[in-house]
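To start, the structure itself, in structure tokens.
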Amino acid sequence: MSTGILTFSKKLEIFARFCGAYCLIAVFLMLDMISFNVPYFNEIRPSFIVMALFYWSIYRPSMVPPWLAFLWGLLIDIVSGLPLGLNALLYVILARIIQNQRKIFMGQIFLSIYIGYVLVSAGVATLEWVIFCLVEFEIVSYKPVLGSILLGFAFFPLAFLLMNVTHKILPHDASMMK
Amino acid sequence: MVLGGIACALLLASALSPDLFTNTRSKAMNTVSPLIAAVSYPVQEAVGYVRNVSGLSDIQARNAALEQENARLREWYQSAMVLQNRNAALEKLLNVKVEPAYKFVTARIIADAGNAFVKSLLVKAGTNEGVYKGNPVLSGDGLIGRVVGTGSNASRILLLNDVNSRVPVILEENDHHAVLAGQNKTRPVLEHLSKDAKIRDGMRVVTSGFGGMFPPGLPVGKVALNDMGQYEVVLFSDLKTTQYVRVILAHQDPNLIKGDIE
């Protein structure tokens, strides 16, 4: 572990590295909200922010504190017109559970992480569907949810790769940011 | 725990009183809509470019089909002009109260909140442009929904196929009334049809104007019978490739007499 006083340029460098990681998360958030004009894609669009929450809750929990997960969920709810608090609740629960269980995933090969994501994302999407049906007093079709889950499985390896790259450029000791 | 509790409270409040957070949503939508619009524009342009390039092989066939349709429509144009003049003369003769012409504002779609649960859009037009809650919204070919939330420069449109959408409609051929109900699927269904209604595939469906939410006569779609024996409506509008919509602005009906109480 390095010691000593950090110069201004070093602090700036560390800040820029963290900005890069958060910029990627911001891109994922945007991908969950913007319109793509691709037929049927918007209905089965995977949740990229769930991928980000899953990854960073395992490898760098300080990047995704519960209050940030709450705000992201609230923003998604506001923009997408979902009942307020739906995704906020799910993301807070997801972040908390993954952070508490991160020791299971730490040091594992990608396949184990991928299987973990498959289970987590399917659970989150299904829970979202159940809560939405309860709030609306109507059972909506599960097929788009299933499509979204399957598409998420396809996109996760790429998202993992990108997040891994940004993770590698982050300083090893988070206390260096203080 | 605290955040989870707050989220649960918000969810419960949204479930019990959906309009409770309308102002908050509008203000938040207003704040983020410029950023979403800025980010979505290049993405939409890129998707449109890819679609145009990859569809070059279909352009010739489409061009030929459009030329034929254009020739057919030119014939209809002449008939329509004759009918229009005749209609105006008859209305004058009978002293019919004519519906005022509607004003529109064109808005770009900046976010498609059409996920698995909610079918809605965010468009870049709000109260600054005269858009208010309840305004009907059309695409190029027909009705797509109505405004359910507005900010000063952005609005949310609830689409016809959303599970919360209910629109009073009428079958043009036989004047049978029904309610167009969204089911979160591609095609909404017709509900509250009378049992003796004679319906066939292909019948045009337009808004009836009942309830005052939608002006009468707005094109909606055509009837189709599905496998479950329900009458679905194939919407005229195709949002898959639409980037712009038209919002019908509220208008003052000159036929109404002003009352003393505002």
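Where a number appears in this text, it was derived from the coordinates with a stated rule and is not lab data. The model shown is predicted, which means the values in this text are computed figures rather than measured ones. Note that we place each Cβ from the backbone using ideal geometry, even for glycine, and neighbour counts take in every protein chain shown.
How big is Rg to Rh over the range B:97-230, alpha-carbon atoms, Rh as the Kirkwood inverse-mean-distance radius?
0.99
Across 5 Å bins from the origin, how do the percents of Cα pairs in the range A:1-93 run, short distances first?
3, 12, 18, 21, 15, 12, 8, 5, 3, 2, 1, 0
Residues with beta-carbon under 11 Å from that of B:Pro188, excluding B:Pro188: net charge, scoring Lys, Arg +1 and Asp, Glu -1? Could the numbers behind the result be given before it?
Values: positive: B:Lys119, B:Arg166, B:Lys185, B:Arg187; negative: B:Asp162, B:Glu191, B:Glu232.
That works out to +1.
How large is the convex hull of the Cα atoms of the range B:1-87 per residue, expressed in Å³ as a whole number? Mind showing how you got there, number by number?
Working: hull volume 22.0 nm³, N = 87.
Convex hull volume per residue, Cα atoms: 253 Å³.
Run through the range A:125-174 and list the GluC sites (Glu not before Pro) located in a DSSP loop whose Cβ has at most 12 other Cβ atoms within 10 Å. Write out the running numbers ahead of the final one.
Numbers: sites: A:Glu128, A:Glu136, A:Glu138; in loops: A:Glu138.
Sites meeting the loop and neighbour criteria: A:Glu138.
Considering only the other residues whose Cβ falls under 12 Å of the Cβ of A:Arg102, what net charge follows from Lys and Arg at +1 and Asp and Glu at -1?
On the way: positive: A:Arg60, A:Arg96, A:Lys103; negative: none.
Here the charged neighbours net out to +3.
Determine, for each peptide in B:183-190, A:80-87, the mean count of other beta carbons within 10 angstrom over its residues, then list the peptides with the highest first. Display every interim value, and only then the final one.
Numbers: B:183-190: 20.1, A:80-87: 25.0.
The peptides rank, most packed first, as A:80-87, B:183-190.
Would you mind giving the mean number of other chain beta-carbons within 10 Å of the Cβ of each residue in A:121-129, as a whole number?
Working: counts 0, 0, 0, 0, 1, 0, 0, 3, 2.
For this peptide, the per-residue mean of nearby foreign Cβ atoms is 1.
Mind listing P(r) for the range B:162-250? All alpha-carbon pairs, 5 Å bins, whole percents.
Going out from 0 Å in 5 Å bins, the range B:162-250 shows 3, 14, 25, 27, 19, 9, 3, 1, 0 percent.
Across peptide B:162-172, what mean number of C-beta atoms from other chains lies inside 10 Å of a residue's C-beta? Mind showing how you got there, number by number?
Values: counts 2, 8, 3, 0, 0, 0, 0, 0, 0, 0, 0.
For peptide B:162-172, the averaged partner shielding equals 1.
Give me the mean projected area, in nm² to one decimal, of the convex hull enclosing the Cα positions of the range A:78-178. Can you show the working numbers first?
On the way: hull surface 33.5 nm².
Mean orientational projected area (the range A:78-178, Cα hull): 8.4 nm².
I'd like the per residue volume of the convex hull spanned by the Cα atoms of chain B, given in cubic angstrom.
Working: hull volume 55.1 nm³, N = 262.
In chain B, the Cα hull volume divided by residue count equals 210 Å³.
Along the three principal axes, how long is the range A:8-169 when you take its alpha carbons, biggest first, rounded to the nearest angstrom?
56, 31, 30
Find the percent of Cα-Cα distances in the protein assembly as shown that exceed 32 Å, and round it to a whole number.
Working: 45925 of 96580 pairs.
When all Cα pairs of the protein assembly as shown are counted, 48 percent exceed 32 Å.
Taking the Cβ of A:Phe54 as the center, what net charge do the other residues with Cβ under 13 Å away carry, scoring Lys and Arg +1 and Asp and Glu -1? It would help to have the intermediate numbers written out before the result.
Values: positive: A:Arg60, A:Arg96, A:Arg102; negative: none.
Residues near A:Phe54 contribute +3 overall.
In the Gaussian network model of chain B, springs joining C-alpha atoms below 10 Å, which of B:Ile157, B:Ile109, B:Ile59 carries the largest mean-square fluctuation?
For chain B, modelled as a Gaussian network with Cα springs under 10 Å, the answer is B:Ile59.
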